1. Between the stretch A:164-187 and the stretch B:145-221, what's the alpha-carbon centroid distance in Å?
2. Write out the GluC sites (Glu not before Pro) in the stretch A:165-253 meeting two conditions: DSSP loop, and at most 15 other Cβ atoms within 10 Å of their Cβ.
3. How big is D, in µm² s⁻¹, for the stretch B:284-409 by Stokes-Einstein at 25 °C and 0.890 mPa s if Rh is the Kirkwood radius over C-alpha pairs?
4. Net charge near A:Asn339, counting Lys/Arg +1 and Asp/Glu -1 over other residues with Cβ under 10 Å of its Cβ?
5. Kirkwood-based Rg over Rh for the protein assembly as shown (C-alpha set), two decimals?
6. Suppose R0 equals 51 Å; then what is the FRET efficiency for B:Lys208 and A:Gln385 from their Cβ-Cβ distance, rounded to the nearest 0.05?
7. For the stretch B:27-183, count the residues as N, evaluate 2.2 N^0.38 Å, and divide the Cα radius of gyration by that value, please.
8. By how many degrees, between 0 and 90 and to the nearest 10, does the Cα long axis of helix A:427-439 differ from the longest principal axis of chain A?
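Here, each number is a calculation from the coordinates, and none is a lab measurement. This structure is a prediction, so every number in the text was calculated from the model and none was measured. Note that we place each Cβ from the backbone using ideal geometry, even for glycine, and neighbour counts take in every protein chain shown.
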Amino acid sequence: MAVQAKEIKMRPETRQAIKEIIIVGGGTAGWMTAAALAHKLSGTDTTITLIESEEIGTVGVGEATLPHIRFFNQTLGIDEATLMARTSATFKLGIEFCDWGKIGDRYIHPFGDYGESIGPAAFHHYWARMQASGDADSLDDYSYPVRAAEANRFMLPDPDPRSIFSTFSYAFQFDASQYAAFLSKFAQQKGVRRIEGKIVNARSDSLTGNILSVSLENGQDIEGDFFVDCSGFRGLLIEQQLQTGYDDWSHYLPCNRAIAVPCEASDPIGPYTRATARTAGWQWRIPLQHRIGNGHVYCSDYISDDEAAAQLMDNLEGPPLSDPRQLYFKTGKRRQLWNKNCVAIGLSGGFLEPLESTSIHLIQSGITYLIELFPDQKCAPLDVQEYNRVMDLEFDRIRDFLVLHYVANQRDDAPMWRDLREMAWPDSLREKIEAFRGRGIIPQYAHGLFLPASWLAVFAGQNIVPERYDPRVDKMTSEEIAARFSLLREKISNAVENTGSHLDFIQSYGAAVGPDIGTWAS
Amino acid sequence: MINKNSLSHIVIAGNGIGIWAMAAALAEQLPEHTHITIIEDSSAPNTHEFPPAITIDCDSPFHQLLGWSDAQLIMEAGGQLSLGTNFVGWQGEASHYMSAPSGKLPGINGVAFHHIVLRAAMARGEPEKLPEIFAAFRFPARVAMAGKLAHGSSDPQSPRTLLRPSITLDTSQYMTMLQHQARASSSISHHQTKIDRLVKDENAPTIKSVILEDGQEFAADLFIDLTGLLSAPSPSETDDFPLPFDRIISSQYASDEESGPTVPVMRAFDQAIMMEASLAHSNCKTIIYPSAHLSDDHARGLLDSQPISAEPGHLRSFCNPSPWIANLVRAGQAAGQMGPYLSADMRLLHQQIINLCNLLPASRHMDVEANEYNRLNIMQFNQLRDFYLLPFVRNGRSEKFWENLRRTALPESLQIRLDQFLSRGRLVTFDDEIFEEQHWIDLMIGFGVIPQRFDPMAQTIDLAQVGPSLGKMVDAFKQTIDAMPVHQIYMDQLAAAASRQMQTGNQKL
C-alpha cells in the first residue's frame, strides 16, 4: 500500500531516515512508546526493537491516569471497554484530597469545570462574592463530576455542550502492569520485535557521542540509529552512558520513598482516587475492579521506613494481598530529556511523584512530542532543543502544581508540613498563589497539563480564597446571583440522582473483568 | 464583605479613538455605581493616529463585548467584508499573495495536510513548487481571489467552515460609533480641556487626583492613559519591532462603487509600503516609509491622492514592558505601538481593553492585576509582531532596501518558528496564540519557507490513493466558489438586510 521510499526524491541531506529504533526497557513507558511508534510508523521501513528483562522488575505503581490517556488509546484504535476489562480498570472522575489543608478537610479535584457562565466574570468570582457573604458553601456544589464521584456514580459525558453531563471528562484507574502487557501484545502484533535480555553495556561513536549499540549479557550486540531510554530511574542510556545530569527538585518536592501494597476492597469502588495526607507524606487509594492499590509516599527525613510501613498497614481497608514493596526515588528531571540520539521517556526522564497521576501523562507527552519531532539520523540540534524546550515547560508547570498541594497547608501537627510552608517556594508558584489570593486570577497557558479548573480546585480546596473579586460581578445583585446558584445546585443534584452506579456502569459497558483474564494476562 | 474599596471612580485621559473605545467598553462591563470621567485634551500633540481604514475580525471579542453586529458596522461605519489581504509586490515587482485567515485543513491519518502536499511536491521532484501546489487548497484565499464573498458556515461538511471574514471600517465613523455608545451611558462624564497637574497620594506611588486647567479636580481609584497625557514614556521602552519605517501618510477620497480593491491591499514598493482599502463610499491609502531613504515628496507622489494632513505623521514602534504601574494603566499608544500593518495598533488597543476589563482592580492594591496585564501585553505584542514581521523578512524583492530587511535580526520566538518550519514543516506554537495555526502555516509556505523534509509519517500515505481525493477536494472548492455571490452583490445583500434589521430595531424602540 505504501509508496516505496526510493520513489521519492528527497534532498540529499534529508535522505537518512531512521531505520532502527531501539527501546530500552519494557514497563509502561517502554510499551506505550513501542505501541505508539509502531502504530505511527507502520508502513515505513523503520523497525522497532524493545529490549526488556524479566529479571528486572518494573515499578508499575502508576495506576491512576488522566483523561488524556483516552486520546492516546483512541489514536491507537484500542477499544475502551476491552482495555478496561483486560486491565481491571475502573472509571476515574477525579482525585479526592483528605487532610491536605487542615486535618479534617477534604475536596475532590475533578476532571471538569465548575459552575456555568453567569456574566462577564469567571464563575469563581461570583462564587467568591457569595462566599464572602456566607451564601455559597463549597465549590463542590457546582461541579457535577465531584458530586457524582462522591455518590459512587458514573456515566459517559454527553457530547451536547448544553447538557450538564458535558461538563466533565474521565480517566481510568487500572493495573499498569496489565496495561503494559496489553500494549506489549498490541505492539508486537504491529511488528515490534521484543528481545529478552539484560543490557550490560552500550557503545558510542567517539566522534559524535551518539549511541551505536547496546550489548546484552549473552554477548549479543544490538545496533540502532535511535534509542529510547525507558529503563526507569537508573537511566541506563541517558545517564549511565550519556551522563546527561539530573535537576534535583527534592528541595521543592521532598518525598523520596514509597511503600506500595494492594489490599481487598471493603469500601465502595468509587470512580475516584484518594490521596490522604499523613504526618510525613501521603497515602494513595486506587480502587480497581479486583483490588485496592495502596501506597504511602513519604520523606525519609521525617519518618523511618518501619514507621511509614506501619502507618500504611494500619490504614488499609481490607487484608493485604501481598507483601509491601519499597520504592526509592528522587524528584526531579533529567537535564535534557533528549540528548544525542537518545530520548528518555518515563522514570528515566524524571519523576514528580504520583500525587496528581502525572507519571503516565508525562510518558504520553514525551511520546507525542517525539512523534512530532521525529528525527532523521542526524538528530538535528534544532529538534533536540525544541523537544527539550517543550518538555521542560511540561515538567516545570506540573512541578508548580504539585508543590502547591504541599505548601498551601495549614497543618500544625507535624514538622514536615510546617517546613514545607516555610520553605522558599518557586517564584513562578508564589506569583500564581498571590494572583489568586489577591484577585482570583488563575494561571492559564496553552503548553502545560493543568487547566484553570484544576488550579481552582486545589486553591479553593486548600483554603486559598480570593480576597477580592472581579468588580464586574457587582453588576448583578446578591439575590440574582443567589438565584442562579441555587438553580445550578439543583440541576447538579438532579443530574447526580439520574446517574447510575459506577460498578453497574462498568458491567453494562462490557468493561468488567472476564473469567479469561488470568490466562490472558500471563 | 470583601471588595471593600470597590472601584468607584475611573479617569480616562487622552484624545482620539482610544479614550472612546475604552470608555464604551468599561461602561458596558461595570456596574452603574462606577463613575467614568473622560478627560479629552485635543490640543495635546497626537503623535500617532490610526489610518483612515481599519480591518478587524468579524467575530472580534471587542465588538462582541459592545454587543455590535456586522450589520451595525456596515450601516454606521461603512463596513466592507473581506476574506483576506492581498500582498502585492512582495515576492517581486508583479507578484501577488493573498493572505487569508483559514480554519484548519483536515489531516490524513494524523499527518498534517501541508505535509501530504509537501510529500507530493517532493515526489514530483519539485519541492520549490510547494507554494503553487498548496495554493489550490487555500480555500479562503481562492474565494477572495475569485472576487467572491460569503460568511463562514457551521456545517462541517462545507468548505465554507474555513472562511474567517473580517470587516474594514471607516476609522472616523467607527470613532463616532464609539462616542455614541459611550455618551449614551449615564456613568460617563466628558471634559474637554487641558490637564494642569497630577496629585500623588502621600507615602504611596499612586495617583490621587488630576487637576484640570480650569481648576476642577477629579480623584479616582484608577487612571487610564491612552496617549501619554498622564505619563512620560517609560525609559525602558525598547524598539521591539525592528523595521525602519518612521513616517506615515494617508489619504481618503470619495469613490464610486467597485472602483477600489475588494480586499485590503498591502503593496510593496522600493523603500515603502502602501496599504489600500475600500469602504462603502471611499477609498483609503496609507503609506509608511523610512525618512532616511525616501523624501516626503516622493511618498506623497506614491500616494497619488490628496493627503489627509499635508505633513506626514511620525511612526515609532515600541512596547512598554510595564504599562500598568500602581493605579495608572497605559493602553493604546501609551502602552505600545507597532504601526498600521494589518491594523496592528487597533488589534493591540482592543486586546488591551479586553485585558483591562478582565483584570479590573477590586481595590487600591492592584499589583497582581498589573502584573498579569503587563505579562499579557508583552506576550500579545510579540505574537502580533512575529506574524507581521514574517512577510518582511521573507520578502523576495531585489532592491537593497528589501535585501537588508531579509537580514533583519529576528526575535527569538520568530526564529524558533522559522527554523522549525524550514527544517521539518512543524509550526511551533506558544501560549496565548492570536492567529490560527493554518493561517501561520499558509503564510510560511506562501512566503517561501519550504520545509526541507516532510513528516516521516507522511510516507505511510499512499499517494496513488490520496491524489484523487485531493483532486476531488480542489473540485469541491471550485464548485463552492462558483456558486458563491460576487463580492459586491453579497455586500449589497448584507447592507439591505442590515438596513431592514436596523429599521425593525428602531420600530421596537
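1. So the separation of the two Cα centres works out to 50 Å.
2. Sites meeting the loop and neighbour criteria: A:Glu217.
3. Diffusion coefficient, whole number: 146 µm²/s.
4. Working: positive: A:Arg334, A:Arg335, A:Lys340; negative: A:Asp229, A:Glu239.
Once positives and negatives cancel, what remains is +1.
5. On the way: Rg = 31.0 Å, Rh = 31.7 Å.
Rounded to two decimals, Rg/Rh equals 0.98.
6. The formula returns an efficiency of 0.50 here.
7. With N residues counted in the stretch B:27-183, Rg over 2.2 N^0.38 Å equals 1.40.
8. That works out to roughly 20 degrees.
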